[in-house]
Amino acid sequence: MLKIGILAFQGAITEHQKMLEQLGVEVVLVKKPTDLYDLVGLIIPGGESTAIGRLLRSNQMIEPIKQFSKEGKYIFGTCAGLILCGKKTEQTQFDEVRLGIIDIEAERNGFGRQKDSFETQVWMEKIKTDIPAVFIRAPYIRSMGDSVTVLASFEGTVVAAESKTVLVTSFHPELTDNLQVMNYFIEKIQSN
Ligand code: GLN
């Protein structure tokens with residue numbers, strides 16, 4: 001049975017857990033470095049990237065997650081998770097955490113005030129279908145390197161992308177009952 005962790009400090013934790021369990025995955029709630037042992041993948045959920053970053057730091061989780069990724073394990077970051085997986089930008093405050101495990105720069109709260117939260121459909125090229133997508137004070141991907149492939153755009157901005165082992169979405173697939181994005185992550189792990 002596939003064993004996937006969910007970083008369990010803050011954010012949409014139980015929603016991810018339910019989704020993974022529906023897809024037959026064993027779930028581990030990750031709060032300390034040793035919880036990563038034995039996992040093939042880790043989900044970094046949405047929430048608030050500054051708060052999650054602080055908790056990563058105070059629980060000594062930054063280096064272990066970077067190492068986990070370096071070892072070729074899979075990571076899926078949604079919303080605040082996307083911001084944390086990316087690199088620092090000129091706007092990043094000195095004390096904010098960025099794991100830098102995928103070559104992207106995220107624009108925090110990129111959709112601005114009038115579109116703080118909304119639900120829409122986005123076309124996912126590799127899944128070949130529209131996916132219901134919930135955006136909550138969501139970031140978009142401002143720039144990316146050659147190792148990164150665009151998976152979905154919305155109104156001209158990139159909202160989902162992947163590298164060999166890291167998948168990121170601006171939106172929250174776990175807040176809908178559509179399992180396709182999570183299933184895509186699982187297939188990505190299994191295709192290895
Ligand atoms: N805007 C939040 C942040 O900067 C992310 C929001 C979310 O994860 N839904 O961390």
With unit charges on the beta carbons (Lys and Arg positive, Asp and Glu negative) and the dipole taken about the Cα centre of the chain, which residue among Val27, Ser153, His172 sits farthest to the positive side?
Val27
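For every helix of n ≥ 4 consecutive DSSP H residues, a contribution of -39,500 (n - 2.57) applies; sum these over the chain, divide by its total residues, and give [θ] at 222 nm rounded to the nearest 500 deg cm²/dmol. Don't skip to the end; give the middle numbers.
On the way: 5 runs with 46 residues, N = 192.
Result for the chain, helices only: -7000 deg cm²/dmol.
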Whole-Hz couplings from phi, Karplus 6.51/-1.76/1.60, listed for the range 162-176; x for Gly and Pro
8, 10, 4, 10, 10, 10, 9, 10, 5, 9, 10, x, 6, 9, 10
Heads up, the chain by the C-alpha gyration tensor (a ≥ b ≥ c square roots of eigenvalues; a/c under 1.5 rounded, else a/b over b/c prolate, else oblate) looks rounded
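Taking the beta-carbon count within 10 Å as an exposure proxy, list Arg57, Arg142 from fewest neighbours to most.
Exposure proxy ranking, most exposed first: Arg57, Arg142.
Output the relative contact order of the chain, whole-number percent, from Cα pairs under 8 angstrom with separation of 6+ residues. Write out the running numbers ahead of the final one.
On the way: 406 pairs, mean separation 35.5, N = 192.
Rounded, it is 18 percent for the chain.
Hey, can you rank 117-123, 134-140 by average C-beta count inside 10 Å, highest first?
Working: 117-123: 14.0, 134-140: 22.6.
In decreasing order of mean packing, 117-123, 134-140 become 134-140, 117-123.
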Calculate one ³J(HN,Hα) per residue across the range 75-90 by plugging θ = phi - 60° into the Karplus curve 6.51 cos²θ - 1.76 cosθ + 1.60, and present them in order as whole Hz with x for glycine and proline.
10, 10, x, 10, 6, 4, x, 4, 4, 5, 6, x, 9, 5, 10, 4
Sequence-distant or interchain residues sharing an amide H contact under 5 Å with Ser153, placed H: which?
Trp123, Val159
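Could you give the size of the charge dipole of the chain about its Cα centre, using +1 on the Cβ of each K and R and -1 on the Cβ of each D and E, expressed in debye and rounded to the nearest 20? Spell out each step's value before the answer.
Numbers: 21 positive and 24 negative charges, 81 e Å.
So the magnitude is around 380 debye.
What pairs in Lys18/Lys188; Lys32/Lys128; Lys87/Lys128 have C-alpha atoms more than 27 Å from each other?
Flagged as over cut-off: Lys32/Lys128; Lys87/Lys128.
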Assigning unit charges at the beta carbon (Lys, Arg +1; Asp, Glu -1) and nothing else, what dipole magnitude in debye, to the nearest 20, does the range 25-127 show about its Cα centre?
180 debye
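Read the figures in this text as sums done on the coordinates, not as results from a lab. Treat the numbers as computed from the prediction; the structure is a model and nothing was measured. So basically every Cβ, Gly included, is an ideal-geometry build from the backbone, and we count neighbours across all protein chains shown.
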